[in-house]
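Written below as C-alpha cells is the structure these notes are about.
The values are calculated or read from the model by the stated rules, or taken from the named source; none is laboratory data. Remember, predicted model here, so these are calculated numbers, not experimental data. All Cβ positions, glycine included, derive from the backbone under ideal geometry; neighbour counts span all protein chains shown. Quick note on the areas: whole protein, heavy atoms, side chains included, nothing else; ligands and nucleic acids left out. Shrake-Rupley method; radii C 1.70, N 1.55, O 1.52, S 1.80 Å.
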Amino acid sequence: MSSLKLAAIVVISFVSIFISAQTNSSTVKPWNAYWISVPGEPAHDYGVYFFRKKITLTNKPSHFVIHVSADNRYKLFINEQLVSLGPARGDVFHWNYETIDIAPYLTDGENIVTAIVWNEGEERPEAQISYRTAFILQGNTTTEEILNTNKTWKCMRDKSRQPLAVNIIYSYYVTGPGELVDMNQYETGWMKPGYNDNSWKNAQQLFNGLPKGVFDWTTGWMLVPRSIPQVELSTQRLKQLRKAEGIQIPNGCPATETSFTIPANTTATVLLDQGLLTNAYPTIMFSKGKNSVISLSYAEALYIIENGNDWRAQHQKGNRNEIEGKRFVGKEDRIISNGSMQQSFTSLWYRTYRYMQVIIETKEEPLIIDDVYGIFTGYPFQFKAKLQTENKLLQQIIDIGWRTARLCAVETYMDCPYYEQLQYIGDTRIQALVSLFNSGDDRLMRNAIQQLDNSRMAEGITLSRFPSASPQEIPPFSLWWIGMIHDYWMYRQDTDFIESKLPGVRQVLQFFSNYQDKSGSLINPPYWNFTDWSEGKGWDRGVAPIGRDGSSAEMDLQLLWAYQLASELENDLGMTEYASLYKSKAEVLKKTIQSKYWDDQKKLFADTPEKDLFSQHTNALALLTETALASNVNGIAQKLLHDTSLTQVTIYFKYYVHRALIKAGLGNEYLNWLDVWKENINQGMTTWAEISDINNTRSDCHAWGAHPNIELFRTVLGIDAAAPGFKQVKIEPHLGTIEKISGAIPHPNGMIAVAYEYQKNWIIKIDLPENTPGILMWKGEKYSLKPGKNEFRL
C-alpha cells in the first residue's frame, strides 16, 4: 500500500499518545539533535522531501518519547504508521514541537522511522510563517537520542510533486496551492523495511535545536512545546453521486467502496456530494490507466450560470443543494497514473468542500477507480452541551453552528477554512465562547490569546490576525482582544495567565490614548479600522462612518468598552492604580460620547458628530457600555429591532446587537431574532455564511455567525457566570413562549443542568457541580442555589 495513502487513512490513535513536553535535559538546554535538510536543495522554495532512519531495538520499549518539528510541515511515520502531524502553527519566536510516545508503534528488531516534510515556498498559506525548509527530531532521554536528527539520517526530494496554482477570482484566497503529482516519478516503497536507500543522500546538519529561553550561538526557530492536542482524523464517506458525464457508473458508486472503470481514451466527469461542508484529506485509490490524468476539485457550493454583466449576478450560489444550471469553480489537485495496481493519493494538507468534482482523462489503458473518500480533520472538540426541546429548528441551528465552529478550528481558530484559514480576533472572540459553552475545552482559546499577544507591534496593538506571514493591522480588533481576555477571566480560574496578559492590555490602550484628543475622543487612528461588512451610507470596506474631525462613535464606544473591561481586570488582580486610571478615562469618554453623538430628536446615537448617519452598531455599543441614559434604553432597543433606516449589522455583529437587546431586558424575544439563520437553512447551507447575504460569493463557513450556540444556553436557558472564574453560577432564563425545555453546559467543576416546565406553575430544576454555588434570577426575584440539585415551583 502506498505511503501516500498511509499519510491519511489511518484513523489516528496518536491523539491518545500525544503528551505534554516533559521537563528534562532535552527541553531546558540546546538539543543534541540538529535541524536537518536535503543537501543541494533550496532553503525557501517549494519542495517535498523524504527523511528516513533505521534503528534496531533489542526489546520492544514500554515508553519511547520524542520531540519533533519541521518547517513548513511534516508527517511522521513509525513502521509505516502515521504517528504525528505538525507542527501546530506558530511563529519563528514560538515554533511548536510535538511530544509523543512512539513506543506502541515500535517493535523489537528493525524499525523504520520516516517523515514527509514540505515547504510550499512563496505559495504557502498566508497563515504559515517560515524560516527555511528543515526537519528536527530529538529523543527525550539518552535512550531515545538514537533517533536524533543528524547526518546519519537519509533524505531525498520527492520528484513527483509540484504546486498547482489556484485560480479563484471571486475572492481573497490564501490557503496554499493544489498539488500536481506524477506517480511515474514517485519513489515507491520508501517507507518499507526492505527498501534500499543507498542512493539517498545523508542529511545536511544545519544547527542544533534551541528551546525558547535557552541561549546559544545559533539562529532560526525558538522551540516551544505544543499546548493543544493533535487533530482528529476519521474516515468520512462521500454521501452520494450527483452527476456523471462520459461514463455510466453503478448505482451508489463512488460513495461506497465499490470500484468502477473508465475505458481507454475517455474523458469522464463525476460530481460527488458530501452532503455537508467538511474539512478532509481527500483520498483516491486507483489502478492501471498508464498516464491517465485524474483531477480532484473542491468547492463549498456551485455557482449559478448567469449571462448578464452584473458581477453579483454572475457569481451567485443560490440554494446549496441544487446543481442544475450551475458551474463548478474550486481548488484542484491533479494526479498522473503510473499504470500500477493500488496507487493512491492523499493531499498533504486538508481541503474544504461539500462538492468534489472528479475529471478523468484516460490514455491507451483503462483506469480503475478503487475508492474515493475523505479523512475528516479538525481540533478534537467534543460537544458536551445538551439541549432538549420540541423545537426542531433550535436543534438544527445548534448542529449547524457546531459544525461551523468545528470547521473553523484546527490548529488555531480561523475565519474560514476554504479561503483564508487565518485567526482573526473579531472571529476568534466569538468562536472561543462557542467552545466554552459547547465543549468546555479552553485550550484553543488560551492558545489564541497567547498567540495574539505574541503578535503585538512595537506601537502596542496586536495584529488583526496571527499567525500570519504578512502583518495586517485592525486596531479595533485589539480592543476585542481585551474583551476576549475578559471573557476568559469570567469563565476560567487562571489568574497567572490573565496577569501575564495585563502588560499587553496596557500597551494596546496606550496606543489608543495617543490618538485621543482632550475630550477623550479618538481622532484619525491609523490602519484599517474595520467594524463589520455592512454596506450602509458612509461605510467604506467595513469601516464605520468617520466625521469631518476624524472621529467615529463606533470607535469611541469600542474604546470606552475596552477601558471598562480593563478596569475590571486590573481591579480584580489588585492593580488598583491602573483600575482607577481606566475607570477615569472611561468616565471622561462616556460623557464626551453622550454630548457629541446623541441626537435628541431621533433619540439615537449618531455615527459621527454631524449626526446625519445612524447604525445598529453604534447604538448597540451605547447600550452595552451603559452610555445611553436609562430613560432612553428601551427606545433605543426598539429602534434596533424595528428601524430599518439604521445601517444594519451582518450576521457577525448581530452577536453584539443581541447582547445589547438582552441587556436592555428583551431577552425573552431572542428566538424571534433568528431569521438570518433560518434563511441560511432554507438555502441548503450546512454551515453559516460570512455575511448575511445568502447569495454571497464569499465564504460559506464563518464561525463568527455561530453565536446562537452561545445564546441558546446563556440567554434562553439562562446559564452564565455570576463571578469571575465561574466561581458562582447565575441562572436567568429567557423562555419567551417556551413551556418546556432543558439542557446543560460544561463547567470547570462538572456540568450545569437546568430544566423548565410549565404546569399551572413553573417547575424549575437546577443541578450545579460540586463546590459551585449560584443564584436563580426569576421575574425580578433572586433565589440562592446550592451545589447539587435544586428544585423550585414558582
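At a glance:
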{"read-out": "Cut-off 10 Å between beta-carbons: net charge of the residues surrounding Pro748, Lys and Arg +1, Asp and Glu -1", "value": "0"}
{"read-out": "Per DSSP, loop trypsin sites (Lys or Arg not before Pro) in region 723-794 with at most 10 further Cβ within 10 Å", "value": "Lys760, Lys779"}
{"read-out": "Whole-Hz couplings from phi, Karplus 6.51/-1.76/1.60, listed for region 59-64; x for Gly and Pro", "value": "9, 6, x, 7, 9, 7"}
{"read-out": "Distant-in-sequence amide H partners of Met457 (H built 1.01 Å from N, under 5 Å)", "value": "Thr462, Leu463"}
{"read-out": "³J(HN,Hα), Karplus 6.51/-1.76/1.60, whole Hz, each residue of region 582-588, x for Gly, Pro", "value": "5, 5, 5, 4, 5, 5, 5"}
{"read-out": "Accessible area of Ser468 in the full protein assembly, 1.4 Å probe (Å², nearest 10)", "value": "10 Å²"}
{"read-out": "Cα long-axis angle, helix 553-572 against the chain (0 to 90 degrees, to the nearest 10)", "value": "90 degrees"}
{"read-out": "Cα centre as origin, Lys/Arg/Asp/Glu Cβ charges: the chain dipole, Debye", "value": "880 debye"}
{"read-out": "Cα shape, region 693-794, gyration tensor, a/c 1.5 rule", "value": "oblate"}
{"read-out": "Cα gyration tensor shape of region 486-589, rounded if a/c is under 1.5, else prolate or oblate by comparing a/b with b/c", "value": "prolate"}
{"read-out": "Label selected from [x] 16, 48, 31, 5, 0; [y] 15, 45, 33, 7, 0; [z] 15, 38, 25, 16, 6, 0, the criterion being P(r) over Cα pairs in 20 Å bins from 0, in percent as computed here", "value": "[y]"}
{"read-out": "Rounded tilt (10° steps) of 392-407 against the dominant C-alpha axis of the chain", "value": "50 degrees"}
{"read-out": "Region 413-509 shape via C-alpha gyration tensor axes, a/c threshold 1.5", "value": "oblate"}
{"read-out": "Selected from Asn111, Ser234, Asn184, residue furthest toward positive end of dipole (region 102-239; charges at beta carbon)", "value": "Asn184"}
{"read-out": "Relative packing of peptides 748-756, 405-413 - highest average C-beta neighbours within 10 Å first", "value": "405-413, 748-756"}
{"read-out": "Expected 222 nm ellipticity per residue - DSSP helices of 4 or more, -39500 (n - 2.57), all of the chain, to 500", "value": "-7000 deg cm²/dmol"}
{"read-out": "Phi to ³J(HN,Hα) by Karplus 6.51 cos²θ - 1.76 cosθ + 1.60 over region 454-463, Hz, x for Gly, Pro", "value": "5, 7, 4, 7, 4, 6, x, 6, 6, 6"}
{"read-out": "Too-long pairs where the Cα-Cα distance tops 25 Å, listed order kept, from Lys159/Lys363; Lys518/Lys611; Lys583/Lys786; Lys678/Lys730", "value": "Lys583/Lys786; Lys678/Lys730"}
{"read-out": "Solvent-accessible area of Met457 with every protein chain in place, 1.4 Å probe, in Å² to the nearest 10", "value": "40 Å²"}
{"read-out": "Centroid-to-centroid separation of region 339-369 and region 626-671 [C-alpha atoms, Å]", "value": "51 Å"}
{"read-out": "Using alpha-carbon coordinates, inclination of helix 475-491 to the longest axis of the chain, degrees", "value": "90 degrees"}
{"read-out": "Carbon and sulfur %, accessible surface of the chain computed with the full protein complex present, 1.4 Å", "value": "47 percent"}
